[in-house]
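The values are calculated or read from the model by the stated rules, or taken from the named source; none is laboratory data. In this text, all values refer to a predicted model and were calculated from it rather than measured experimentally. Glycine also receives a Cβ, built like all others from the backbone with ideal geometry; neighbour counts cover every protein chain displayed.
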């Protein structure tokens, strides 16, 4: 009888211990783990925190961007997390000076890192990234960070813009219009889109609209200026229009 009771007590204590481990692990995952994506930056918080920043967050072929990575062990134990940094097409490391525990996977353009982190410690590194090509149709790119440890697998994305700076090929404005006559301001532009247009009409008006229709209420000679911009740069060009009675 006593042996049976002791065995039941032992099994009950064992079940409570297992439950405590499961609940503790679940609560750490549910409460403390979070992934935050942003423009040129990403952060994964939790017992192991991963911070990534890329400066500048926009580039064109030939440019070099700087990726800064920091991982911090906020727990009381030793960790060796699996960290994967996936680079988008057209963006490659400009240096092979990797930190200890990191390797480059050429097949999927990813950096694989297994840092050893003592309790309360951290590691960081900076890596130059060279922009080799740009996709005119889809300049928005992502550097994806994935971190795995315990039963966690978290992902965050640092958004980038890789394209071609805008160019104004020509302004297609009429040289002369009549007072009160509606006409359209137009321009031929080149570069990675979307390209925003800001028109200055020479009479104090400013229009943040692409190819607007305008009317001049008074005669005169007006200098029209167009500023075209995308995340890389902005350019401008002027033309003169005569408004007659």
Any residue at all in the stretch 95-118 that is surrounded by fewer than 17 Cβ atoms within 10 Å (Cβ to Cβ), in contact (Cβ under 8 Å) with a residue 24 or more places away in the chain, in the same structural domain as residue 53 (by TED's automatic domain parsing) and under 30 Å from residue 228 (Cα atoms)?
-> no
Is it true that residue 137 is in the same structural domain as residue 70 (by TED's automatic domain parsing) and either within 19 Å of residue 40 (Cβ to Cβ) or touching a residue at least 40 places away in the same chain (Cβ under 8 Å) (or both)?
-> no
Test for residue 128: is it in contact with a strand residue (DSSP E or B) (Cβ under 6 Å, 6 or more places away or on another chain), modelled with pLDDT of 95 or more and in the same structural domain as residue 212 (by TED's automatic domain parsing) = no
If a residue has to be modelled with pLDDT of 95 or more, surrounded by 16 or more Cβ atoms within 10 Å (Cβ to Cβ) and either outside the structural domain of residue 172 (by TED's automatic domain parsing) or outside any strand (DSSP E or B) (or both) to count, how many in the stretch 211-240 make the cut?
-> 1
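Could you grab me the full set of residues in the stretch 167-197 that are surrounded by 14 or more Cβ atoms within 10 Å (Cβ to Cβ) and out of contact with any strand residue (DSSP E or B) (no Cβ under 6 Å at 6 or more places or on another chain)?
Taking the stretch 167-197 and keeping what is surrounded by 14 or more Cβ atoms within 10 Å (Cβ to Cβ), we get 167-168, 171, 173, 177, 183, 185-187, 189-193, 195-197.
Once the filter is applied, which keeps residues that are surrounded by 14 or more Cβ atoms within 10 Å (Cβ to Cβ) and out of contact with any strand residue (DSSP E or B) (no Cβ under 6 Å at 6 or more places or on another chain), the stretch 167-197 yields 186, 192, 193.
Listed here are the residues, each with its yes/no results for (1) under 34 Å from the mean Cα position of the chain (by Cα); (2) without any contact (Cβ under 8 Å) to a residue 60 or more places away in the chain; (3) on the phi < 0 side of the Ramachandran plot.
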site: 198; (1), (2), (3): yes, yes, yes
site: 216; (1), (2), (3): no, yes, yes
site: 230; (1), (2), (3): yes, no, yes
site: 234; (1), (2), (3): yes, no, yes
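Conditions tested, residue by residue: (1) part of a loop (DSSP other than H, G, I, E, B); (2) outside the structural domain of residue 211 (by TED's automatic domain parsing); (3) in contact with a helix residue (DSSP H, G or I) (Cβ under 6 Å, 6 or more places away or on another chain).
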| residue | (1), (2), (3) |
| --- | --- |
| 154 | no, yes, no |
| 157 | no, yes, no |
| 174 | yes, no, no |
| 177 | no, no, no |
| 180 | yes, no, no |
| 189 | no, no, no |
| 192 | yes, no, no |
| 198 | no, no, no |
Residue identified as farther than 23 Å from residue 151 by Cβ and assigned by TED's automatic domain parsing to the domain that holds residue 154 among 77, 46, 62 = 62
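Give the residues of the stretch 76-112 that are more than 22 Å from residue 138 (Cα to Cα) and either part of a strand (DSSP E or B) or touching a helix residue (DSSP H, G or I) at 6+ places or on another chain (Cβ under 8 Å) (or both), sorted by residue number. Break it down stepwise before answering.
Within the stretch 76-112, the subset more than 22 Å from residue 138 (Cα to Cα) is 76-84, 94-106, 111-112.
Correct list: 79, 82, 83, 84, 102, 103, 104, 105, 111, 112.
Quick one: would you say residue 137 is part of a loop (DSSP other than H, G, I, E, B) and touching a strand residue (DSSP E or B) at 6+ places or on another chain (Cβ under 7 Å)?
Working: part of a loop (DSSP other than H, G, I, E, B): yes; touching a strand residue (DSSP E or B) at 6+ places or on another chain (Cβ under 7 Å): no.
No.
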